[in-house]
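Before I ask anything, here is the structure I am working with.
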Amino acid sequence: MESSNKSSTSIKNWALGDRPREKLLSKGKESLSDSELVAILLNSGSGKESAIDVAKKVLRLGEDNLDELGKISIKDLMTIKGIGEARAVTLVAALELGRRRHGSAILDKKRIHSSMELATYLKASLKDHPYEVFAVVFLNRSNKIKHFEILSKGGLTHTIVDPRIVFLKALEVQATSMVLCHNHPSGNLQPSRADEEITLKLKNAGKLLDIHVIDHLIVSDEGYYSFADEGMI
């Protein structure tokens, strides 16, 4: 009786048009649900559960929201029956590729024209971090991105950055200006006193090296805050 139940839930016994891989090939990737796409990554089910059943559990762990799922750790994924380390790594890698694809378009642009344009990229790049990180976008004279790097990682509410590291990297990539940026996992976009102080400190240090700090962006799922747009820099 048990083997019969397991056999009935196996994707191999589904109609060809309903199997995720065959459905993708015959109807296109857009025809698949999120759970079907995750099932393809999982490759098979677990026990009496099909790959689709396990995939639905994975999605529920992220509250059926792919953005939230991107924040889930390998350890958390492995709490689901049927998800071992190898499958968890595969899922995290696939979500990371999606995040990078979403944020990569701006890197191909010749110039950055607005804080909104850059904030869109930064939100995609930093949104999955559950803690604060401080990053810098290094630009040339034409406002084209030369380099982007996370320079420090902190806790849930703050991070510390060493100005020496910031300007050593700026000199290394031959940047003439930079945009400071960090995330607020809490969603609150208002700058703290510490945010204002490090902005002023880096701006003044940049004057000595003729490397201009042109903005400081705070990003979260709620949007972004631009020091330049608000007249704070």
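The values are calculated or read from the model by the stated rules, or taken from the named source; none is laboratory data. Since this is a predicted model, take the numbers as computed values, not measurements. Note: ideal-geometry Cβ built from the backbone for every residue, glycine included; neighbour counts use all protein chains shown.
Being in contact with a Leu (Cβ under 8 Å, 6 or more places away or on another chain) and exposed (fewer than 15 other Cβ atoms within 10 Å of the Cβ) is the filter here, so list the residues in the stretch 125-161 that pass it.
Pro130, Tyr131
Another question, then. Could you tell me which residue of the stretch 103-130 is farthest from Arg164 (Cα to Cα), considering only residues that are at pLDDT below 85 and of a type in the set (Gly, Ala, Ser)?
Once the filter is applied, the top-ranked residue is Ala105.
Conditions first: (1) more than 22 Å from the chain's Cα centre (by Cα); (2) crowded, with 16+ Cβ neighbours inside 10 Å. Arg111 passes all but one, so which condition is the exception?
Single failed check for Arg111: (2).
Matching residues to (1) assigned by TED's automatic domain parsing to the domain that holds Leu217; (2) out of contact with any Phe, Trp or Tyr (no Cβ under 7 Å at 6 or more places or on another chain); (3) of a type in the set (Gly, Ala, Ser):
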{"residue": "Gly47", "(1), (2), (3)": "no, yes, yes"}
{"residue": "Ile52", "(1), (2), (3)": "no, yes, no"}
{"residue": "Lys57", "(1), (2), (3)": "no, yes, no"}
{"residue": "Leu66", "(1), (2), (3)": "no, yes, no"}
{"residue": "Gly98", "(1), (2), (3)": "no, yes, yes"}
{"residue": "Ser114", "(1), (2), (3)": "yes, yes, yes"}
{"residue": "Ala119", "(1), (2), (3)": "yes, no, yes"}
{"residue": "Asp128", "(1), (2), (3)": "yes, yes, no"}
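May I pose another question? State whether the residues of the stretch 167-174 include one that is touching a Phe, Trp or Tyr at 6+ places or on another chain (Cβ under 9 Å), farther than 23 Å from Asp67 by Cα and among the aliphatic types (A, V, I, L, M).
Checked the stretch 167-174: at least one residue is touching a Phe, Trp or Tyr at 6+ places or on another chain (Cβ under 9 Å), farther than 23 Å from Asp67 by Cα and among the aliphatic types (A, V, I, L, M).
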